[in-house]
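Colleague: Input: one structure, supplied below.
The values are calculated or read from the model by the stated rules, or taken from the named source; none is laboratory data. All figures in this text were calculated on a predicted structure; none of them were measured in a lab. In this analysis, Cβ positions are derived from the backbone assuming ideal geometry, glycine residues included, and neighbour counts consider all displayed protein chains. Heads up: the accessible areas ignore ligands, DNA and RNA and are worked out on the full protein's heavy atoms, side chains in. Shrake-Rupley method; radii C 1.70, N 1.55, O 1.52, S 1.80 Å.
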Amino acid sequence: MKNSEKQGPAEDVADPHAIIELTGQPLGFPELIRIGQGTVQVTADPDGLDRVRYARTILEKAIDDGIPVYGATTGVGAMKDVAWSPEELDAFNLGLVRAHHFGTGEPFPISVVRNAMALRVNTALTGYVGCSTDLVEAYLALLAADVIPVVRRTGSIGCADIGLMGQIGAVLTGVGEAHYQGRRLPAAQAFEEAGLKPFKMAPRDSLASLSVNSVSFAAAAEATRAAAGANRTLLATGLAASAAMGGSRDPWIAVTHVGTPREAMIGKWLCNASDGWADGGQEWPSATHVQDPLSLRMIAQVFGSVFEAVLTAGHKVLAATGRSDDNPVIVDGRVLTSGGSLPLDVTVLLESASLTMAHAARNAFNRCVLLGNGQRRDLPVNLVPHGRIATGFGPIIKLAGEIFSRVLSMTNPVSAQSLVVSGGMEDEAAFLPLVIERFERQTQALKRLAALEALLAAQAMDICGDRPGGAAKLVYDVVRRHAEFYTVDRPLSAEVEAIEEELASETFLTELIAISPIHAIDGFFALGAFGAQADA
């Protein structure tokens, strides 16, 4: 990947003339964000196009020599032994891509589809695919015109996104649906308005439009970044809750000496962020006798594991943006069948990260219980102020428990379950799109859990007369913009949702990172790099 400009990310995202040149090398999160937002022009590196041309000559020679080429001169799946005559190839290639437009359900965000098209181009530029340069240019033309196919989410077992990529490939031929200028249109109408012509699939181009995991990798990139941001916010609400309960800082200091590198990273952040409490005009509250409950003592251990898992998954996803997962592939002048369409490495690491998300949810839920049980700093039960007649926050703590259970319920691994299709030819699958979908739902649940923890922490701080500073003050101020101090029972649903929305915003994350960064997380995932522009 090459950038034509030298501005920082926030400047690039606002520059309509910025160019990202794909080279076949892995992309980073800043590039994926800008491509996904549609605010940069995407081009192909000339050297990469030369590699595409060379691979194409190898494939065409094999066809001319009468060698069967899977999915180019033969059928696919259970029809692999069906050979097509030269006169039948045009009909086969057109029909192949249209037959794989079978996805259903809610569509992916447009940002994911833009990135999926860019990834298909980028992996083709490695020179292993055998597609035509015309196919590469067709994808780039869609991106340039911002005609973005509608890709429904359900349609891939995670062994090449055939039912997902097929929706993009079908649009290239002029059928299906596409987003254009803010409208969802029939592809033919979008093409006509944008001045595009349907693409004619040459041999190999049709299968190259289907048999890759580009949609899943684009969605996984967006999902891991969102998870990193949600956990950054949940860590901040955990800090606020710890302060409200007068938790000891000693375990955080200890972990910087005896913990794993990631645990020490979180311990250092907790120490630095809690130092900011003094900006509010008072010392860090302390109500610890000997030692605290585990949910306070072990925040660094829990979030150290979370970020280790999310970082590992993120690195693996980015590596996948620069490798060919096609079948067949062109290697050493030969057309070779391949098993590269199984994205098991990315899938298993995401499933591992999913398990750590449940630990983060349990950690936050446990602190919510502690905030309401009346055993810390003389806080009243359910955080009802002394002398008031109210039920208080007892019911909403049950909501926190329900959210934790939701997160936990989505940790059961699905990647190893048995599935045999295509007449027994296809008997391995990773179910990556399903893993991603559940991971996204976990992330959304963590955002709401952060809102609940923040709401309880703010109530406890006010009861104790605290004047927070630093990261805790950011959390406190968000709560008080949407919910006043609780004295009389009232509906809380809208307040929780409003707190959740602001805590989940790029604007909040940008402010949090500005005063209390975690460079290894924030820099890698480009968190806070786009601020309010991303929210808009």
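Colleague: As a test, work out the antiparallel percent of DSSP beta bridges whose residues both lie in the chain, rounded to the nearest 5. Mind dumping the intermediate values first?
Modeller: Details: 15 of 19 bridges.
Taking every DSSP beta bridge with both residues in the chain, the antiparallel ones total about 80 percent.
Colleague: By a straight-distance test (C-alpha under 15 Å), which aspartates and glutamates pair with Lys316 as possible cross-link partners, with residues fewer than eight away in the same chain excluded?
Modeller: Excluding near neighbours in sequence, the set is Glu222, Glu308, Asp325, Asp345, Glu351.
Colleague: Next question. Which entry is the computed Rg and Dmax of the Cα atoms in Å for this structure: (1) 26.0, 91; (2) 21.9, 64; (3) 23.3, 74?
Modeller: Only one option fits the structure, namely (1).
Colleague: If amide H atoms are built 1.01 Å from N in the plane of the peptide, which residues on other chains or at least 5 residues away come under 5 Å of the amide H of Ile19?
Modeller: The answer is Ser4, Glu5, Gln41.
Colleague: Something else now. Sorted by accessible area with a 1.4 angstrom probe, largest first, how do Met79, Met245, Met265 fall?
Modeller: On the way: Met79 100, Met245 0, Met265 35 Å².
Solvent-accessible surface, decreasing: Met79, Met265, Met245.
Colleague: Here is a follow-up. What are the residues whose amide H is under 5 Å from the amide H of Val212, where those residues sit 5 or more places off or on another chain and H is modelled from the backbone?
Modeller: For Val212, whose amide H was placed from the backbone, the distant partners under 5 Å are Asp161.
Colleague: A further question on this structure: Identify, among Leu452, Gly71, Ala319, the residue whose Cα sits farthest towards the positive end of the charge dipole of the chain, taking +1 on the Cβ of Lys and Arg and -1 on the Cβ of Asp and Glu, with the dipole about the Cα centre.
Modeller: Leu452
Colleague: Across the range 234-248, in residue order, what do the Karplus-derived ³J(HN,Hα) couplings come to in whole Hz, using 6.51 cos²θ - 1.76 cosθ + 1.60 with θ = phi - 60° and x for Gly and Pro?
Modeller: 5, 5, 5, 5, x, 4, 4, 5, 4, 5, 4, 9, x, x, 6
Colleague: Under a point spin-label approximation (7 Å from Cα along Cα-to-Cβ), what is the His289-Thr104 distance to one decimal in nm?
Modeller: Rounded to a tenth, the inter-label distance reads 6.0 nm.
Colleague: So between Gln375 and Lys197, what do we pick up on full extension, going 0.36 nm a residue minus the alpha carbon distance?
Modeller: On the way: separation 178, 0.36 × 178 = 64.08 nm, distance 6.96 nm.
Residue separation times 0.36 nm, minus the Cα-Cα distance, leaves 57.1 nm.
Colleague: Based on the alpha-carbon gyration tensor of the range 208-285 and its eigenvalue square roots a ≥ b ≥ c, which shape applies: rounded if a/c is under 1.5, prolate if not and a/b is larger than b/c, or oblate? Could you put the intermediate results ahead of the total?
Modeller: Details: a/c = 4.44, a/b = 2.46, b/c = 1.80.
Verdict is prolate for the range 208-285.
Colleague: OK, next. As a test of reading the structure, rank Phe524, Phe485, Phe108 by solvent-accessible area (1.4 Å probe, protein chains only), most first.
Modeller: Listed by decreasing accessible area, they come as Phe485, Phe524, Phe108.
Colleague: Does the range 52-153 come out rounded, prolate or oblate by the C-alpha gyration tensor, with a ≥ b ≥ c the root eigenvalues, rounded set by a/c under 1.5 and, if not, prolate when a/b is larger than b/c and oblate if not? Write out the running numbers ahead of the final one.
Modeller: Values: a/c = 2.48, a/b = 1.44, b/c = 1.72.
Here the range 52-153 falls in the oblate category.
Colleague: Using R₀ = 56 Å, calculate the FRET efficiency as 1/(1 + (r/R₀)^6) where r is the Cβ-Cβ separation of Glu402 and Ala319; round to 0.05. Kindly include the intermediate steps, with their values, before the conclusion.
Modeller: Working: r = 37 Å, r/R0 = 0.66.
According to the calculation, E is roughly 0.95.
Colleague: Something else now. What order, most packed first, do the peptides 129-136, 203-210, 334-341, 250-257 have when packing is the mean number of other Cβ atoms within 10 Å of each residue? Write down the numbers at each step before the final one.
Modeller: Working: 129-136: 23.0, 203-210: 27.5, 334-341: 15.0, 250-257: 17.1.
The densest-packed peptide leads the list: 203-210, 129-136, 250-257, 334-341.
Colleague: Sorting Phe508, Phe92 by accessible area (1.4 Å probe), largest first, what list results?
Modeller: On the way: Phe508 5, Phe92 25 Å².
The residues order as Phe92, Phe508, largest area first.
Colleague: Using a cut-off of 12 Å between beta-carbons, work out the net charge of the residues near Pro285 (Lys and Arg +1, Asp and Glu -1, Pro285 not included).
Modeller: On the way: positive: Arg249, Arg376, Arg377, Arg467; negative: Glu283, Asp378, Asp466.
Here the charged neighbours net out to +1.
Colleague: In deg cm²/dmol and to the nearest 500, what is the mean residue ellipticity at 222 nm of the chain if only DSSP H runs of at least 4 residues count, each as -39500 (n - 2.57), divided by the residue total?
Modeller: Working: 22 runs with 300 residues, N = 536.
Per the formula, -18000 deg cm²/dmol.
Colleague: Right, next: Show me, for the range 486-498, the HN-Hα J-couplings you get by feeding each phi into the Karplus relation (A = 6.51, B = -1.76, C = 1.60, θ = phi - 60°), rounded to Hz, glycine and proline as x.
Modeller: 7, 10, 10, 4, 8, x, 10, 4, 5, 5, 4, 5, 5
Colleague: Find how much the distance from Gln417 to His519 grows on full extension, using 0.36 nm per residue of separation minus their present alpha carbon separation; answer in nm with one decimal.
Modeller: Details: separation 102, 0.36 × 102 = 36.72 nm, distance 3.78 nm.
Length gained between Gln417 and His519: 32.9 nm.
Colleague: Additional query: Placing unit charges on C-beta atoms (Lys and Arg positive, Asp and Glu negative, everything else neutral), compute the dipole magnitude of the chain about its Cα centre in debye, rounded to 20.
Modeller: Values: 43 positive and 60 negative charges, 227 e Å.
In total the dipole reaches around 1080 debye.
Colleague: Around Ala358, what is the net charge, scoring Lys/Arg as +1 and Asp/Glu as -1 over all other residues with Cβ under 13 Å from its Cβ? Show your work: numbers first, answer last.
Modeller: Numbers: positive: Arg362, Arg406, Arg438, Arg441; negative: Glu351.
Surrounding charge for Ala358 is +3.
Colleague: Follow-up. Just the Kirkwood number for the range 330-425, please: inverse of mean 1/r across all distinct Cα pairs, in Å, one decimal. Could the numbers behind the result be given before it?
Modeller: Working: mean 1/r = 0.0562 Å⁻¹.
With all distinct Cα pairs of the range 330-425 included, I get 17.8 Å.
Colleague: Using 0.36 nm per residue, how much length does the chain from Gln444 to Thr312 gain when fully extended, once their Cα-Cα distance is taken away? Mind showing how you got there, number by number?
Modeller: Working: separation 132, 0.36 × 132 = 47.52 nm, distance 2.05 nm.
Extending this stretch completely gives an extra 45.5 nm.
Colleague: Also, I was wondering about something else. Compute the FRET efficiency between Ala188 and Ser409 as 1/(1 + (r/R0)^6), taking r as their Cβ-Cβ distance and R0 = 51 Å, and round to the nearest 0.05.
Modeller: Details: r = 43 Å, r/R0 = 0.84.
Efficiency, from the Cβ-Cβ distance: 0.75.
Colleague: While we're here: Under a plain spin-label model, where a point goes 7 Å from the Cα along Cα-to-Cβ, how far apart in nm are Gln282 and Val82?
Modeller: Placing both labels 7 Å along Cα→Cβ, they lie 7.6 nm apart.
Colleague: How charged is the neighbourhood of Ala144? Take every other residue with its Cβ under 12 Å from the Cβ of Ala144, and add Lys/Arg as +1 and Asp/Glu as -1. Kindly include the intermediate steps, with their values, before the conclusion.
Modeller: On the way: positive: Arg114; negative: Glu137, Asp146.
Around Ala144, the surrounding residues sum to -1.
Colleague: Report, by chain and number, residues whose modeled amide H sits under 5 Å from the one on Val331, excluding near sequence neighbours (fewer than 5 apart, same chain).
Modeller: Leu336
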